[in-house]
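The values are calculated or read from the model by the stated rules, or taken from the named source; none is laboratory data. Bear in mind that the values here come from a model prediction, so they are computed numbers and not experimental data. Here the Cβ is made from the backbone with ideal geometry for all residues, glycine too, and neighbour counts use every protein chain on show.
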Amino acid sequence: MKYSFLLIVLTLFCSIAPQCSSRAGNIDRKSLVNKHIVHIDTIDILNPLTVGNGRFAFTADITGLQTFPELYEKGIPLGTQSEWGWHSFPDTEGFKFGESLQDYDYYGRKVPFSVQIRTPGRNSEAVNYLRQNPHRLHLGMIGLDIINPDGSPVKADEISYTDQVLDPWTGELHSKFRIGNVPVEVTTFCHQGMDLIAARIKSPLINRGLLRVRISFPYPTGQHTDSGCDWTKPDKHRSELTPGRTSASIRRIIDGTSYFMKLGWKGKANISENEPHIYYLQPAKGASQISFSCLFTPDNKSGDIPDFNSTAVNNKSSWQQFWMSGGAVDLSGSTDPRAPELERRIVLSQYLTRIQCAGVYPPSETGLTFNSWYGKFHLEMHYWHGIHFALWNRTDLLERSLGYYNNIKEKARETAGRQGFEGLRWPKMTDPSGKDSPSSVGSFLIWQQPHIIYMAELCYRNNNDIRLLEKYSDIVFGAADFMASFAWYDSLNDRYVLGPPMIPAQERFPAETTMNSPFELAYWQWGLKTACEWRKRLRLGPRPEWEAVIEKLSPLPQKDGLYLSAESAPDSYTNPRFLSDHPVVIGIYGILPNSGMIDFEAMKRTFSYVWEHWQWNDTWGWDFPMTAMTAARLGLPEKAIDALFMDVETNTFLSNGHNYQNKSLKIYLPGNGALLTAVAMMCAGWDGSPEVNAPGFPQDGTWNVKWEGLKKIP
């Protein structure tokens, strides 16, 4: 009898084991990734494919290189971008940052903000210049120049039998097509330790002298959103070729910016400049293939350029190491028909964030593919770009960009001091220098201020190392000093308030009158409490000014049993304007844990109302994963899945894995990062989550969730 009972127990355990698996090594990671190899078999201008290393990226068309950039300008542009590649147009007018400043009232005190000035004149011109500069550079187009036997250039519509594969497991981009009946095969890699692409081209066209490599360099456009390529101003920049037998160097001079492209190749070939800024690498007749490497560098340091074969080996080892480390999620065996698509989005989002968001600077919202907001980065989006690395147990990739805050802390201290506050006030839209870009919205955002506390806390949770506390304590405490200083003490009501002036994460409210938005209030409390905990860990004394704000911070505003978007907006749910953009009012219990401010029942009512009444067509890609996170904490896992698959344009994921937004913003990496954040939470849980496997997924047997290597979210 005893053995029969044991057999029953073991049988039951084995039957549920696949759903409860979270042990390391349980998932065949290579098979998991290989299920989601990207296959493109037609010219699709919304699905170019990118290779990169987190600091440098190269986006290719259907040929595996950048052969038809004009065609892809109408879709996702073909970029070659790096972290260091920035340019400013000459400042012939001597514009000063102070010309962008306007005073706003802060409880009887004038506080200057850098804002967009619409009235034509000197100040408006200064603002436009400061927003536009610096902007990220397109470093150069590398494509094929294919000639028909009659001497005419081959056009995109003359290419047939296209077959392109991106293998995330190896980082290889393999492209095959035909010109007439003649095959062409291109294999492309990006070196994982250098800003270098390497390619091998095989085709009988090479032997006939009908195929060569075309390298061209544009002048920058300085536009808000585009490829950054202006081909109409050849006299505005210089390209200087130094040729060799199997290598060449091209120096680029664009106003005050200079950099180099170093080229190496195998076999007999000749490089020549046919017209300004356009070069051709022509293989000798008799060859059927050519391989080459292009290194982009801000200096002219000598050294060997890795060839195609060594770059291929470098990729395969580096990518295997990436996929075999950190977290993994396997949804095979799930009966919910959405599971394969969710798994695809998870795998490709890991690839895309690894090649676009894993550098020493916070990334721009379109990464290193093409420019948006002039290629500048938005620090309020660093949360979505970065924290998933820690949750997927790849903390080192998050830490790469945290050093940026230490680098710009004096600039942040200057901003806070100029406005009469203590500590460090982080910019919103910025560049490597940390300068605040003028904006009528961005300059008033505050929800980026606690991000460094959140990100540093995740790093500490993963390592539990006092050295990490010491490494980031200055910026964590500086952020907390600003947060406490920014909170205004309302002596009449014996409470601290946030704003005005401020604009919350839901960017629908006027800076001059907005106060006490619930997400910012909850984030302030969590951030200050966490900073206090850091002081205890370091055996430092308390900061009474922080604790005073924590104790008397305004409660989260409610009306009719629902949390308002702001205390200053009692019509939050009757004014259609306030039912659009980010529904971050529910993020107070999705992004954030309950640190004592949240009424669970009021949160459930608010979530239900937002779900039914929000204008979801007027949202952004990270709003859906955020909604899933809130649903998970509320014990609504079915709603969490529904949120991830809400049928809204901004929740579209393309064949290449990118989160599409609209015709103006065709990729949006915060959506990919947010998806990975939500999935990690739904699998590994959160502090205080139910003790079941994958508590954010439905527990009705339709989801077979295997995961390993993930971390809980606070």
Here are the criteria: (1) in a strand (DSSP E or B); (2) at pLDDT below 95. Tell me which single one S440 does not satisfy. (1)
Taking L579 and the conditions (1) touching a residue at least 12 places away in the same chain (Cβ under 8 Å); (2) surrounded by fewer than 20 Cβ atoms within 10 Å (Cβ to Cβ), which numbered condition does it fall short on, given that it satisfies the others? (2)
Among the residues of segment 432-440, are any over 18 Å from I503 (Cα atoms) and touching a Leu at 6+ places or on another chain (Cβ under 7 Å)? no
Let me confirm something: among T574, T513, which residue is β-branched (V, I, T), surrounded by fewer than 21 Cβ atoms within 10 Å (Cβ to Cβ) and either touching a Phe, Trp or Tyr at 6+ places or on another chain (Cβ under 9 Å) or modelled with pLDDT under 95 (or both)? T574
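Out of curiosity, is S88 surrounded by fewer than 20 Cβ atoms within 10 Å (Cβ to Cβ), more than 18 Å from V441 (Cα to Cα) and at pLDDT 95 or above?
Values: surrounded by fewer than 20 Cβ atoms within 10 Å (Cβ to Cβ): yes; more than 18 Å from V441 (Cα to Cα): yes; at pLDDT 95 or above: yes.
Here the answer is yes, as S88 does meet what is asked.
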Go through segment 128-175 and give me each residue that's among the charged types (D, E, K, R), surrounded by fewer than 23 Cβ atoms within 10 Å (Cβ to Cβ) and within 30 Å of V115 (Cα to Cα). R131
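Answer yes or no as to whether D235 is on the phi > 0 side of the Ramachandran plot and of a type in the set (D, E). Talk me through it step by step, then tell me what you get.
Numbers: on the phi > 0 side of the Ramachandran plot: no; of a type in the set (D, E): yes.
Spelling it out, it is not the case that D235 is on the phi > 0 side of the Ramachandran plot and of a type in the set (D, E).
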If you go through segment 200-222 one residue at a time, do you hit one that is within 28 Å of the chain's Cα centre (by Cα), surrounded by 15 or more Cβ atoms within 10 Å (Cβ to Cβ) and either over 30 Å from N53 (Cα atoms) or modelled with pLDDT under 95 (or both)? yes
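Which members of segment 517-552 meet the condition of being in a helix (DSSP H, G or I), of a type outside the set (A, V, I, L, M) and under 24 Å from Y104 (Cβ atoms)?
If the condition is that a residue be in a helix (DSSP H, G or I), of a type outside the set (A, V, I, L, M) and under 24 Å from Y104 (Cβ atoms), then P518, F519, E520, Y523, W524, G527, E545 are the ones that fit.
Could you please find all residues in segment 409-434 being within 20 Å of the chain's Cα centre (by Cα) and over 18 Å from W384 (Cβ atoms)?
Correct list: D431, P432, S433, G434.
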Being of a type outside the set (S, T, N, Q) and over 30 Å from F444 (Cβ atoms): is that true of I117 here? no
Considering only segment 410-428, I want to know if a residue exists there that is free of Cβ contacts under 8 Å to residues at least 60 places away in the same chain, under 23 Å from G54 (Cβ atoms) and aromatic (F, W, Y). yes
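A quick yes/no check of all residues on (1) under 31 Å from the mean Cα position of the chain (by Cα); (2) modelled with pLDDT of 95 or more; (3) small (G, A, S):
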| site | (1), (2), (3) |
| --- | --- |
| S288 | no, no, yes |
| F296 | yes, yes, no |
| N315 | yes, yes, no |
| W319 | yes, yes, no |
| M324 | yes, yes, no |
| G333 | yes, no, yes |
| P337 | yes, yes, no |
Flagged pairs (Cβ under 6 angstrom, 6 or more apart or on separate chains; first in segment 682-702, free of Cβ contacts under 8 Å to residues at least 24 places away in the same chain and hydroxyl-bearing (S, T, Y); second surrounded by fewer than 15 Cβ atoms within 10 Å (Cβ to Cβ) and part of a helix (DSSP H, G or I)) are none
Might you let me know whether segment 337-352 holds any residue that is closer than 24 Å to L445 by Cβ and not in a loop (DSSP other than H, G, I, E, B)? no
Looking only at residues that are closer than 15 Å to L458 by Cα and not hydrophobic (A, V, I, L, M, F, W, C) in segment 675-714, which one is surrounded by the most Cβ atoms within 10 Å (Cβ to Cβ)? T677
Looking only at segment 488-497, decide whether some residue is touching a strand residue (DSSP E or B) at 6+ places or on another chain (Cβ under 8 Å), outside any loop (DSSP other than H, G, I, E, B) and charged (D, E, K, R). yes
Restricting to segment 372-401, give me the number of residues that are hydrophobic (A, V, I, L, M, F, W, C) and either touching a strand residue (DSSP E or B) at 6+ places or on another chain (Cβ under 7 Å) or over 27 Å from I76 (Cα atoms) (or both). 6
Kindly state which strands (runs of 3 or more DSSP E) lie completely within segment 116-186 and contain at least 1 residues that are farther than 29 Å from L368 by Cα and among the β-branched types (V, I, T). 172-179
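Here is a yes/no grid of residues against (1) over 30 Å from the mean Cα position of the chain (by Cα); (2) modelled with pLDDT under 95; (3) aliphatic (A, V, I, L, M); (4) farther than 29 Å from Y472 by Cβ:
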| residue | (1), (2), (3), (4) |
| --- | --- |
| A531 | no, no, yes, no |
| E547 | yes, no, no, no |
| G561 | yes, no, no, yes |
| I591 | no, no, yes, no |
Would you mind telling me which numbered condition in (1) assigned to a loop (DSSP other than H, G, I, E, B); (2) out of contact with any Pro (no Cβ under 9 Å at 6 or more places or on another chain); (3) β-branched (V, I, T) T514 fails? (2)
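Is it true that Q558 is polar (S, T, N, Q) and over 24 Å from A678 (Cα atoms)?
Yes: the conditions hold for Q558.
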Looking only at segment 628-682, count how many residues are in contact with a Gly (Cβ under 8 Å, 6 or more places away or on another chain), farther than 24 Å from A390 by Cβ and polar (S, T, N, Q). 3
